[in-house]
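First the structure, in the form of structure tokens, and then the observations on it.
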Amino acid sequence: PSVPRHTNRLIKEKSPYLLQHAHNPVDWYPWGQEAFDKAKTENKLIFLSVGYSTCHWCHVMEEESFKNKEIGEIMNEHFVCIKVDREERPDVDKVYMTFVQATSGGGGWPMSVWLTPDLKPFAGGTYFPPEDGVHRVGFRTVLLRIAEQWKENKDALLESSQRILVALQHTSEIRVQGQESPPPAKEVMDTCFQQLSRSYDEDYGGFSKSPKFPTPVNLNFLFTYWALHRTAPEGARALQMALHTLKMMAHGGIHDHIGQGFHRYSTDQHWHVPHFEKMLYDQGQLAAVYSRAFQISGDEFFADVVRDILLYVSRDLSDQAGGFYSAEDADSYPTTTSGEKREGAFCVWAAEELRALLPDPVEGATEGTTLADVFMHHYGVEEAGNVDPMKDPHQELKGKNVLIARSSLELTAARFGLGRGQLSALLQECRQRLSSARARRPRPHLDTKMLAAWNGLMISGFAQAGAALAEQEYVSRAAEAAAFLRTHLYDPGSGRLLRSCYRGKDSSVEQSAVPIQGFLEDYVFVIQALFDLYEASLEQGWLEWALHLQHMQDKLFWDPKGFAYFSTEAGDPSLLLRLKDDQDGAEPTPNSVTVTNLLRAACYSGRRDWVEKAGQILAAFSERLQKIPITLPEMARATAAFHRTLKQVVICGDPQGEDTKEMLRCVRSVFSPNKVLMVADGDSAGFLYSQLPFLASLQRKDGKATAYICSNFTCSLPVTSVQELRGMLSP
């Protein structure tokens, strides 16, 4: 590679996204005091650009504008330019995204915001083309106009930014109103179900026409709704909606049929042409939701999808020290000699390429049939490409095919006169050949940043899959990642989590000079992961750490006046707003997951104040939960857990004994959303016994492993039969 012409301060950063911009002609600063001081000293406006390393439009804006020398000169002359990785600093991202959404009606990345020297926003948007077009003002023009305004109308701009800030503080506040109590579960659950049912796509599954996102939060809600209404038509519909969506996604192009795992979202109604980046948080949540689908249906199809996701993460997103990387990019070079990256280049196929790779005649099929004929029919491959030009505005996928299972195994087998088993083996052979061919293509960029929150979601995915599929290796991988968090993203001195760490040059794990402290989402998703890992492994150390982190979360983020948790801790003068997220999106909002975490924590510790806090969160979000629960399906689900009280499933027995293992297999194989599992093994010195004295009174019956179903520490009669236990686990 040639020696770069420009190098700016970002070269000293660890974030892959910031490093991508270290050689722009723009004099970028990272978010911090040096940039703020410069803006104040020189009385300059700040241009803030926020994105992430696998964001397609962030790459486009960099190529068009931030690498342009003339535009760089305008930026450097008139502004102090700051780059932020939204995955590293979700706090900064959320403050200014709140402004952009409120003032423009939309949001997304790259986010472009202009701030006064005291960090107050007054203008913003997302992607800007470099030059003026018919329908859009170009970035160059916007920069010059704003610089002119600052010169001519400084006082008006400052006044406007203050008014905007006051309005944002008012509209973004979430707090309990008067003596509000948690909303009734039945009303919230029924309204949420009806709203999801109305937005459901009967043909292809999912909850919008296009673009279509996986939204595991919706599917988890539907599974819980089914569990509480099993005998009602609404329950049957909830289950059908969730399972159909999961099947259509797994058959679709959003699922990588050759390299495993799921892409970010589908650009069309049919789950066909995806936005090709792969995010860790999607893999973690989808592994968990497909595990639940398997628990409920017993259909091996869903278990195979779980194995597929976890194979991808183990192979491509795993650090040798045990952590999980953040994401893989959508864009890559089509060939080793290409000069320009294209979206999806790593994943798509031309028909002639497939014919060359799969020329073998198929035994037993109609004469002249080749492997390519069978594979292309099954996966919807067309000679001229199968991507609708409307979904390919830049012609990057012209003549290419995104694989989508267009036919069932039975129909494809019948079409070519093959047995189902024979066809399965043939398709597997084809996929392996394509995988080998794809391995010779240049790989997309890998974001090797490791985030506590997303690692938490992935640990939950491995732990829940390990429990539901009875696969010990998945539980071991979850434990390895949790140990990684304790070593690299936890400060035992302060008892606090850190947000991020990074893969170093020699594959070591590095930390930035000033580590970023954990945010609310880091605590919430790690605590959830540790509870899931305890239930899958029965190692009490994970439980102990989870309860410690819950105390720390309360101390750093709880709002004692308005209730619920702030996303960030107090005391950072550069953050203009302390926000509480109010929408379950690609990831559930931390307050939604916290309700269930607090209920689980109370079950394992006996602390009633955590149940009270859970109720106070629901009270703070009460209006939203009653009017538009579809925006908070995870919190709606937690409302039912709060009002019904979690079941404590206690098994008394030797964890290594066959009878205990059989009972554990039974508990783990049943989808029972509102329960916690614990094993009382007679070790009165153990951590659980110190938290829950009532465990000492529970005994084995006739020397056999014995189960008790307890609620509020009052227990049922002892059960030694697995069949009886299974019946008692149903809601």
For segment 338-445, what does the relative contact order come out to in percent, with C-alpha contacts under 8 Å and a separation of six or more?
29 percent
Rg [Å, one decimal], Dmax [Å, integer] - the chain, C-alpha atoms:
26.8, 88
So what are the ³J(HN,Hα) numbers for segment 274-290, from phi and the Karplus equation (6.51, -1.76, 1.60; θ = phi - 60°), rounded to whole Hz, Gly and Pro as x?
x, 8, 7, 5, 10, 10, 4, 5, 5, 4, x, 5, 6, 4, 5, 6, 5
Cβ-derived FRET efficiency at R0 30 Å, ARG608 paired with LYS40, nearest 0.05
0.05
Protection proxy ranking of 159-170, 612-623 - average other beta-carbon atoms within 10 Å, highest first:
612-623, 159-170
Spatial separation of Cα centroids for segment 481-547 and segment 696-731, in angstrom
34 Å
Taking only C-alpha pairs under 8 Å that are 6+ residues apart, what is the relative contact order of segment 648-729 in percent?
40 percent
For segment 338-445, the Rg and Dmax computed from alpha carbons only, in angstrom:
14.8, 46
Helix-only [θ]222 nm of the chain, DSSP H runs n ≥ 4, -39500 (n - 2.57) each, per residue, nearest 500
-15000 deg cm²/dmol
Ranked packing of 650-657, 373-380, most packed first, by mean Cβ within 10 Å:
373-380, 650-657
Quick check: pseudo-label points 7 Å beyond the Cα along Cα→Cβ at ALA156 and HIS394, how many nm apart are they?
3.8 nm
Relative contact order (percent) for the chain, with alpha-carbon contacts under 8 angstrom and 6 or more residues of separation?
12 percent
Among HIS270, HIS56, what's the order by accessible area (1.4 angstrom probe), most exposed first?
HIS270, HIS56
Give me the percent of the accessible area of the chain that comes from carbon and sulfur atoms, probe 1.4 Å, all protein chains in place.
50 percent
Heavy-atom accessible area per residue of segment 338-445, all protein chains kept, 1.4 Å probe, expressed in Å², is 52 Å²
Paramagnetic reach from GLN320 in segment 483-520 [backbone N under 14 Å; point 7 Å along Cα→Cβ]:
503-510
Ordering SER574, SER697 by accessible area with a probe of 1.4 Å, largest first, what comes out?
SER697, SER574
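Compactness ratio of segment 641-731: Cα Rg over 2.2 N^0.38 Å, N = residue count?
1.01
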In nm, what is the difference between 0.36 nm times the number of residues separating ASP683 and VAL60 and their Cα-Cα distance?
218.3 nm
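Would you mind telling me the antiparallel percentage of the DSSP bridges in segment 1-151, rounded to 5?
45 percent
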Rounded to the nearest 5, what % of the DSSP beta bridges within segment 648-729 are antiparallel ones?
65 percent
Accessible area per residue in Å² at 1.4 Å probe, computed on segment 648-729:
45 Å²
Which order, highest average first, do 90-100, 121-131, 332-342 follow once you tally other Cβ atoms within 10 Å for each residue and take the mean per peptide?
90-100, 121-131, 332-342
Among the DSSP beta bridges whose two residues both lie in the chain, what percent are antiparallel, rounded to the nearest 5?
70 percent
Set of lysines near LYS555 by C-alpha distance (under 21 Å), chain-local residues within fewer than 8 positions excluded
LYS580, LYS613
For segment 10-172, report the accessible area per residue in Å² (1.4 Å probe, heavy atoms, rounded to an integer).
42 Å²
By the scheme Lys and Arg +1, Asp and Glu -1, what is the net charge of all other residues having a beta-carbon under 12 Å from that of LEU729?
+3
To the nearest 0.05, how large is the calculated FRET efficiency for LYS186 and SER208 if R₀ is 22 Å and r is the Cβ-Cβ distance?
0.25
For a Förster distance of 22 Å, can you work out the FRET efficiency between the beta-carbons of ALA236 and SER424, rounded to the nearest 0.05?
0.15
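The values are calculated or read from the model by the stated rules, or taken from the named source; none is laboratory data. No experiment lies behind these values; they were computed from the predicted model shown. FYI the Cβ positions are ideal-geometry reconstructions off the backbone, even for glycines, and counts take in every protein chain you see. The accessibility values were calculated without ligands, DNA or RNA, using every heavy atom of the protein model including side chains. Shrake-Rupley method; radii C 1.70, N 1.55, O 1.52, S 1.80 Å.
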